[in-house]
Structures are given as structure tokens and as C-alpha cells.
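Only one structure is covered here, and it is reproduced in the block below.
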Amino acid sequence: MRLEDRLRHTAIVTDHACLQHDTGANHPESAQRVGHLLKVLGRSDLRSMELIWPDVRVATAEEIQRVHTPAYFKKVYDLRGKFAKLDADTILSPASFDAAMCAAGCALTAVETVMAGDVDNAFALVRPPGHHAEPDKSMGFCVFNNIAIAARHAQAKLGAKRVAIVDFDVHHGNGTQTAFWHDASVLYISTHQAPHFPESGAASDVGEGLGRGRTVNIPLRAGHGDPEYDAIYGGLIPRILEAFRPELILVSAGFDIAAADPLGDMEVSGEGFVRIAAHLVNAAQLLCNGKIVFVLEGGYSLSGLEDGLIGCLDAMTGRVVVDEPHGPMVQLPLGDAMQHLETYREFFAF
């Protein structure tokens with residue numbers, strides 16, 4: 001690692017409404033997650049980052065329904081002000097509808113701020129998370145698919161024709177995959193533990209129709225850590241991104257790949273998070289003028305959340321820069337990804 005010559009302008013996009021989503025006692029996806037990260041950001045040793053905190057807006061019904069069906073949106077809307085369950089894992093409280101609209105709005109604000117050139121990059125610090133939410137249903141703690149909504153907004157209103165979504169959560173983002181399954185204009189790349197919830201994301205799942213080859217799943221057995229993630233995010237994924245040439249990169253940042261996380265079995269350290277994020281920031285610098293937005297997904301250990309956020313911000317602000325892994329990709333410790341290289345090469349020349 002080395003220090004960068006110039007710090008970048010990085011926005012933190014969040015709102016107190018995200019803390020009002022009450023999942024009850026002992027639920028893994030609690031307000032404590034974002035609350036702890038906000039306390040971390042107030043520490044004196046992080047003030048040198050000079051983070052920017054833009055004003056946030058809520059999403060509109062039209063923006064949500066670029067991804068979700070009107071029937072599903074109405075189902076969630078009709079439960080506003082109530083305690084309810086959308087599914088076995090996804091709990092609503094009286095403030096949850098507003099929190100979900102605000103979480104999506106934070107992702108939209110982050111993309112708008114980056115695309116306008118007001119900042120170099122942004123991190124949307126939100127809950128409820130989104131990547132399991134499918135167009136017509138909730139799943140896995142997720143109400144609205146924040147990152148998919150942001151991708152569609154970037155295309156509909158901000159001039160981005162090709163958007164890449166990279167998802168490093170320990171769980172496969174089935175909702176994001178479904179939203180773009182037939183779409184050639186959005187590339188979805190996911191690394192995830194397998195087998196694991198939600199039991200989707202096989203390497204053979206590559207999209208259909210015009211979207212064939214635009215879904216890239218990299219399933220990993222439990223126990224992978226810094227060497228494998230560093231090689232995959234520094235060796236394989238940049239090559240796929242370069243072949244696609246996105247105009248914006250969005251990142252589903254799931255900090256449940258941390259070694260301490262109770263819902264995952266990966267072994268990523270704080271330094272590992274720095275390197276994952278830095279490789280993605282490097283790709284954005286090369287391919288789309290640095291335009292990259294991170295959106296919080298999972299992460300259920302406070303120490304893992306802290307390591308993940310600080311690692312991402314170190315890379316995003318340029319406080320720390322990492323070089324690409326050295327040597328030919330086939331010699332890198334790609335772990336389980338090695339057995340699927342020919343699947344990825346079918347669609348991307350590297």
C-alpha cells in the first residue's frame with residue numbers, strides 16, 4: 001500500500017430516518033448497525049478525510065417503480081404506520097416505509113452527486129438494505145432494492161447508458177440479479193458464499209436474452225479471505241469491468257464477509273476491505289472518470305462494519321492506494337473462481 005498524493009472528495013449520504021426502521025430486539029439488521037458507523041465517523045482520527053455530507057431527498061413512487069411492481073409498492077405503502085412482516089425475515093415498524101423511501105433516496109442522492117461532479121465518489125450509509133428485494137417481493141431484511149433503483153435512475157435521468165453493479169456481500173444479491181436478468185445495459189457481478197442464503201447465484205447463471213453474459217456470479221466456499229478476495233477484485237473483476245466499459249460503477253458493500261460476522265463464514269480483515277475497495281476505485285478511475293458509489297448492504301458485527309467502512313473510505317478518499325496484484329491472472333490465488341474462468345471468458349475476452 002502507499003499514500004495518495006491528493007485526497008479525493010468523498011460524500012457520506014445518510015439520514016436519521018434510516019435509524020427509525022425498528023426490527024425489534026435481537027434482530028441482526030438493527031438500527032445499531034448504522035448508529036455505530038455514525039459514531040465511528042465522528043472520531044477525531046477520521047476528520048482528516050474531510051468528508052462531505054450532502055442534503056438527502058427521499059425517493060418518489062415513480063423512482064421505486066422503475067424496479068418494483070406497482071402491486072409490491074402498494075403492499076409496502078399500505079403497511080406504513082404499522083408493525084408487520086413482509087416475509088419471515090423482513091420486519092416493518094410504523095416508521096419503516098419512510099425509512100425505506102429514505103434509504104432509496106440516499107442511494108439516488110449519492111448517484112446524483114457523483115454524476116454531477118460535485119464529489120469524486122460517495123458512500124450511501126443506509127438501512128433497510130436492498131439487494132435481496134426482488135421486483136415483486138421482499139426478502140432477507142430488504143424492502144426496496146436501493147442499488148437497483150439507483151442504477152435505473154442513473155440511466156433514466158442522468159445520462160448513463162452502461163452501469164456496472166459489483167456486489168461483495170457474503171449473500172448473493174438475488175433481487176439485483178433478477179432486476180437486470182434480461183438487460184444488456186447493466187452488468188451485475190457478485191462474489192458470495194455458496195452454499196448459503198438465498199441459495200442462488202450459480203456461476204452458470206449468466207442472464208437471458210439480451211442480458212445473457214451480463215450476470216457474472218462468482219460463488220465461493222466458506223473460509224476465503226484476503227488473498228482470494230484481493231486476487232478476484234484486483235485480477236478478475238477489473239478485466240470484466242474493462243470489457244464492459246461502464247459509465248458508472250455501483251457497489252453493494254456487504255461487510256458480512258468480515259471474519260467476525262455472525263451470518264457469514266469468510267475471513268476478510270480490515271486491510272482486505274481496503275484492497276477490495278481500492279481495486280474497484282482503481283477500475284472506476286480507469287473506466288469512468290472515477291464515478292463510483294458504494295451502498296451499504298449487510299454486515300452484522302460492529303467490528304466488521306467498522307473495518308469495512310473505514311477500509312472503503314481509506315480507498316475512496318485516496319488516503320491509501322493499493323497496486324494491482326502482480327503476475328498473470330491464472331497464477332493468482334483466485335480460489336473457487338478458477339474453476340469458472342471459462343464461463344467468464346465466454347463473454348469477456350481476457
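Computed from the coordinates by the stated procedures, all read-outs in this text should not be read as laboratory data. None of the values given here were measured: they were computed from a predicted structure. Quick reminder, even Gly has a Cβ in these numbers, built from the backbone with ideal geometry, and neighbours come from all protein chains shown.
Some notes on this structure:
- The DSSP beta bridges internal to the chain are antiparallel in roughly 15% of cases.
- Most fluctuating residue given options T69, T178, T191, as computed from a GNM of the chain linking Cα atoms under 10 Å: T69
- Which label in (i) 16; (ii) 11; (iii) 6 gives the computed percent of Cα pairs over 39 Å apart: (iii)
- Pairwise Lys count, the chain - Cα closer than 26 Å, eight or more residues apart or different chains: 11
- Each residue, R57 and H27, gets one label point 7 Å from its Cα in the Cβ direction; the gap between the two is 2.9 nm.
- Applying 1/(1 + (r/R0)^6) with R0 = 35 Å to the Cβ-Cβ distance of A349 and D323 gives a FRET efficiency near 0.90.
- Helix-only arithmetic for the chain: the sum of -39500 (n - 2.57) across DSSP H runs with n ≥ 4, divided by the residue total, places the mean residue ellipticity at 222 nm at -9500 deg cm²/dmol.
- Its Cα centre serving as origin, the stretch 10-345 has a Cβ charge dipole (Lys and Arg +1, Asp and Glu -1) of approximately 880 debye.
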